[in-house]
Amino acid sequence: MQFSRITEKLSPNVTLVAVTKYRSEEEVWSLYHAGFRKFGENRVQDLLKRYETFPKDIDWHLIGHLQTNKVKYIAPFISMVQSVDSLKLLSQINKEAFKQNRIIPCLLQIHIADEKDKFGFIYDDLITLLNNNAFSEFKNVQIRGVMGMATLTDDKTKLREEFRTLYTYFTSLKTTYFNNVDYFTEVSMGMSNDYLIAVEEGATIVRIGSALFEK
Ligand SMILES: *Cc1c(COP(=O)(O)O)cnc(C)c1O
């Protein structure tokens with residue numbers, strides 16, 4: 001696999017999370033042997049299987065919707081939950097992280113797409129929570145930034161607008177609510193079809209799956 005086709009287009013300041021969902025073990029090994037160590041899965045069950053199968057020097061990111069009753073399974077090892085989309089979920093991650101004596105890095109997933117079925121906070125609802133200091137008691141999670149998924153479209157103008165919106169959200173959150181911490185730095189946006197636009201619009205993390213394996 002010519003993974004360098006993708007990596008050479010990315011500045012070293014951008015973190016590539018290789019999305020391994022639906023990939024064969026062989027394909028995941030090929031990433032591992034090529035030096036990749038940050039992998040993303042969107043389902044807890046698949047993530048647990050991968051964690052068992054692959055070496056322990058891999059950082060696993062959860063990038064899909066997480067049910068509160070499954071947090072306990074990943075709390076011992078997860079490197080980052082990119083898909084925090086409710087107060088209830090953040091509270092549960094905090095609770096399970098506490099039991100593990102860990103601080104779990106998280107991203108706030110914010111809804112930016114047209115589609116109704118995409119998960120994520122509505123930005124205004126997030127602001128209401130932050131104004132009520134709803135997250136302030138959570139000592140075992142560290143909110144590192146934001147994550148978003150753009151609309152599934154080839155319309156580059158629209159994709160750029162959505163990424164720009166997410167970056168604007170990030171900047172406002174940082175100046176208003178996270179200005180006293182140095183770790184609120186991440187903007188996770190961009191997938192196989194749109195990561196170059198996302199990077200132009202300020203992505204610090206891209207989540208790329210299928211493009212890595214295109215022939
Ligand atoms: C599947 C997935 C990706 C990667 O998608 P590709 O189009 O294969 O690059 C990125 N982020 C999330 C949340 C995903 O579910």
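What to note about this one:
- Of all residues making up the stretch 51-68, the number that are surrounded by 15 or more Cβ atoms within 10 Å (Cβ to Cβ) and under 25 Å from Glu186 (Cα atoms): 11
- Lone qualifier among Phe98, Phe54, Phe3, Phe36 - being without any contact (Cβ under 8 Å) to a residue 60 or more places away in the chain, within 17 Å of Arg207 (Cβ to Cβ) and hydrophobic (A, V, I, L, M, F, W, C): Phe36
- Filtered residues of the stretch 4-57 (kept if assigned to a loop (DSSP other than H, G, I, E, B) and over 25 Å from Asp194 (Cα atoms)): Phe54, Pro55, Lys56, Asp57
- In the stretch 177-190, residue surrounded by the most Cβ atoms within 10 Å (Cβ to Cβ) [restricted to those that are away from the ligand (no atom under 12 Å from the Cβ) and touching a residue at least 40 places away in the same chain (Cβ under 8 Å)]: Val187
- Only listed residue being at pLDDT below 95 and within 14 Å of the ligand (Cβ to nearest atom), chosen from Lys9, Lys38, Lys21: Lys9
- Failed item in (1) closer than 18 Å to Ser210 by Cβ; (2) assigned to a strand (DSSP E or B); (3) of a type outside the set (A, V, I, L, M), with Trp60 passing the rest: (1)
Residue by residue, here is whether (1) modelled with pLDDT under 95; (2) polar (S, T, N, Q); (3) touching a His at 6+ places or on another chain (Cβ under 6 Å) holds:
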site	(1), (2), (3)
Tyr73	no, no, no
Pro76	no, no, no
Ser86	no, yes, no
Phe98	no, no, no
Leu107	no, no, no
His111	no, no, no
Phe121	no, no, no
Ala134	yes, no, no
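- Tabulated pairs, the stretch 191-212, first under 19 Å from Pro12 (Cβ atoms) and near the ligand (Cβ under 6 Å from one of its atoms), second modelled with pLDDT under 95 and in a helix (DSSP H, G or I), C-beta under 6 angstrom, 6+ apart or interchain: Ala211/Ile6
- The residues of the stretch 192-215 that are under 14 Å from Arg160 (Cα atoms) and in a loop (DSSP other than H, G, I, E, B), listed by number, are Asn193, Asp194, Glu201, Gly202, Ala203.
- Just one of the listed residues (Thr165, Thr171) is among the hydroxyl-bearing types (Ser, Thr, Tyr) and buried (at least 16 other Cβ atoms within 10 Å of the Cβ), and it is Thr165.
- Selection status of Lys139, over 13 Å from the mean Cα position of the chain (by Cα), part of a loop (DSSP other than H, G, I, E, B), away from the ligand (no atom under 16 Å from the Cβ) and among the charged types (D, E, K, R): yes
The values are calculated or read from the model by the stated rules, or taken from the named source; none is laboratory data. Given the structure is predicted, the values throughout are model-derived calculations rather than measurements. As a convention, Cβ positions derive from the backbone with ideal geometry for all residues, glycine included, and neighbour counts pool all protein chains shown.
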